[in-house]
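*Asks:* Quick one: the structure is below, and I'll ask about it shortly.
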Amino acid sequence: MKLSVVIPAYREADNLRVLLPKLHEALKGIDYDINIIDTIEAMDDTETVCRENRANYVHRQGGNFYGDAVRTGFKVADKDFILMMDADGSHSPTDFGKMLQNCDQYDLTIGSRYVTDGKTDNPWILIFMSLIVNVCFRLALGLKVKDISDSFRIYRAADVKNLQLDCTNFDIVEEIIIKLSVYHPDYRIREVPITFNKRMYGESKRDLVKFAFSYVSTIIKLFKIKRKAQREASK
């Protein structure tokens, strides 16, 4: 298979220095490239780390938000499949084998914390909050996926490159799956159990506590996105 790895990065040079060699080792035998989507202007030595570890260094376009990085990553990826993952070490290359196995028989493969054998190393309060948010998303949005908010996924490039994505922050992860499910009613989605690790270095850019308290407005926003997509799909 031909695979583009897309990794949004925001001051993640220390983590990428550890992660990139592991990626190359895990992807041996595959036609792949690695694309690090950094900030509009460099904020650390991520470019140097990319050059030393055979990764494409790309400045995100449109803004410095996570959503801008995702849109930029989809744009520059030029392989048949796109593997999206985090730069902080929470997504482990040791899970690649399970995710890549038979992934060409599915339209979307999700690295899931909430299927059987899925795990997360975060404190219990964060696990609880994340689980509640995912349950609420699943019920409110009618999605048959247990882990809606994790970005560790393998997409068919042709599907996501054609999406009009509007969300700015981490809710773009939910927007993608909503629109794929609406535009492709028979979309074949597989969830693979992974271990979600603690961040290696630096501070998280995602404020889960703030997000959990604002999830009602987020659900309303995503519900409106789904309804709009349904209207567009019915035309």
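The values are calculated or read from the model by the stated rules, or taken from the named source; none is laboratory data. Note that the coordinates shown come from a computational prediction; the quantities given were computed from them, not determined experimentally. For neighbour counting, all protein chains shown are included, and Cβ atoms are generated from backbone atoms with ideal geometry for every residue, glycine included. Note: areas computed on protein heavy atoms with side chains; ligands, DNA, RNA excluded. Shrake-Rupley method; radii C 1.70, N 1.55, O 1.52, S 1.80 Å.
*Asks:* Check whether at least one residue in the stretch 187-206 is open to solvent by 50 Å² or more (accessible area, probe 1.4 Å) and at pLDDT 85 or above, and report yes or no.
*Replies:* The answer is yes, given that some residue of the stretch 187-206 is open to solvent by 50 Å² or more (accessible area, probe 1.4 Å) and at pLDDT 85 or above.
*Asks:* Something else now. Provide a single number: the residues in the stretch 21-40 that are in a helix (DSSP H, G or I) and either open to solvent by 10 Å² or more (accessible area, probe 1.4 Å) or in contact with a Gly (Cβ under 8 Å, 6 or more places away or on another chain) (or both).
*Replies:* 5
*Asks:* Report every pair of residues separated by at least 6 positions or lying on different chains whose Cβ atoms are under 8 Å apart, first residue within the stretch 117-146 and within 20 Å of G89 (Cβ to Cβ), second buried (at least 18 other Cβ atoms within 10 Å of the Cβ) and basic (K, R).
*Replies:* Within 8 Å, the pairs are K119/R113; T120/R113; S130/R113.
*Asks:* Okay, next question. Evaluate the stretch 152-163: report whether one residue or more is more than 20 Å from S90 (Cβ to Cβ), surrounded by 21 or more Cβ atoms within 10 Å (Cβ to Cβ) and in contact (Cβ under 8 Å) with a residue 40 or more places away in the chain.
*Replies:* Filtering the stretch 152-163 down to residues more than 20 Å from S90 (Cβ to Cβ) leaves 156-163.
Right, trim to surrounded by 21 or more Cβ atoms within 10 Å (Cβ to Cβ) and you get 160.
Okay, now just the ones that are also in contact (Cβ under 8 Å) with a residue 40 or more places away in the chain, so 160.
Yes, the stretch 152-163 has at least one match.
*Asks:* When you scan the stretch 41-145 for strands (runs of 3 or more DSSP E) that lie fully inside it, which ones turn up with 3 or more residues that are touching a helix residue (DSSP H, G or I) at 6+ places or on another chain (Cβ under 8 Å), at pLDDT 95 or above and closer than 18 Å to E174 by Cα?
*Replies:* Where strands (runs of 3 or more DSSP E) fall fully within the stretch 41-145 and carry at least 3 residues being touching a helix residue (DSSP H, G or I) at 6+ places or on another chain (Cβ under 8 Å), at pLDDT 95 or above and closer than 18 Å to E174 by Cα, they are 81-84, 108-112.
*Asks:* Could you check, for the stretch 9-20, whether at least one of its residues is in contact with a helix residue (DSSP H, G or I) (Cβ under 9 Å, 6 or more places away or on another chain), open to solvent by 10 Å² or more (accessible area, probe 1.4 Å) and closer than 30 Å to Q105 by Cβ?
*Replies:* Within the stretch 9-20, not a single residue is in contact with a helix residue (DSSP H, G or I) (Cβ under 9 Å, 6 or more places away or on another chain), open to solvent by 10 Å² or more (accessible area, probe 1.4 Å) and closer than 30 Å to Q105 by Cβ.
*Asks:* Test V5 against the criterion of being at negative phi and open to solvent by less than 10 Å² (accessible area, probe 1.4 Å), and give yes or no.
*Replies:* Criteria met by V5.
*Asks:* Out of all the residues in the stretch 12-23, is one or more in contact with an Asp or Glu (Cβ under 7 Å, 6 or more places away or on another chain) and under 20 Å from F170 (Cβ atoms)? Working first, answer last.
*Replies:* Within the stretch 12-23, the subset in contact with an Asp or Glu (Cβ under 7 Å, 6 or more places away or on another chain) is 12-13, 15.
Cutting the leftovers down to under 20 Å from F170 (Cβ atoms) gives us 12, 15.
Yes, because at least one residue in the stretch 12-23 is in contact with an Asp or Glu (Cβ under 7 Å, 6 or more places away or on another chain) and under 20 Å from F170 (Cβ atoms).
*Asks:* Go through (1) over 17 Å from the mean Cα position of the chain (by Cα); (2) not in a loop (DSSP other than H, G, I, E, B) and name the single condition L16 misses.
*Replies:* Unmet condition: (1).
*Asks:* Would you check which residues across the stretch 74-131 are surrounded by fewer than 21 Cβ atoms within 10 Å (Cβ to Cβ) and among the charged types (D, E, K, R) and list them?
*Replies:* The answer is K75, D78, K79, D80, D95, K98, D104, D107, D117, K119, D121.
*Asks:* I'd like to know if the stretch 68-89 contains one or more residues that are over 26 Å from L180 (Cα atoms) and not β-branched (V, I, T). Lay out the reasoning, then the answer.
*Replies:* Narrowing the stretch 68-89 to residues over 26 Å from L180 (Cα atoms): 88-89.
Of the ones still in play, those that are also not β-branched (V, I, T) are 88-89.
Within the stretch 68-89 (the criterion being over 26 Å from L180 (Cα atoms) and not β-branched (V, I, T)), the answer is yes, since at least one residue qualifies.
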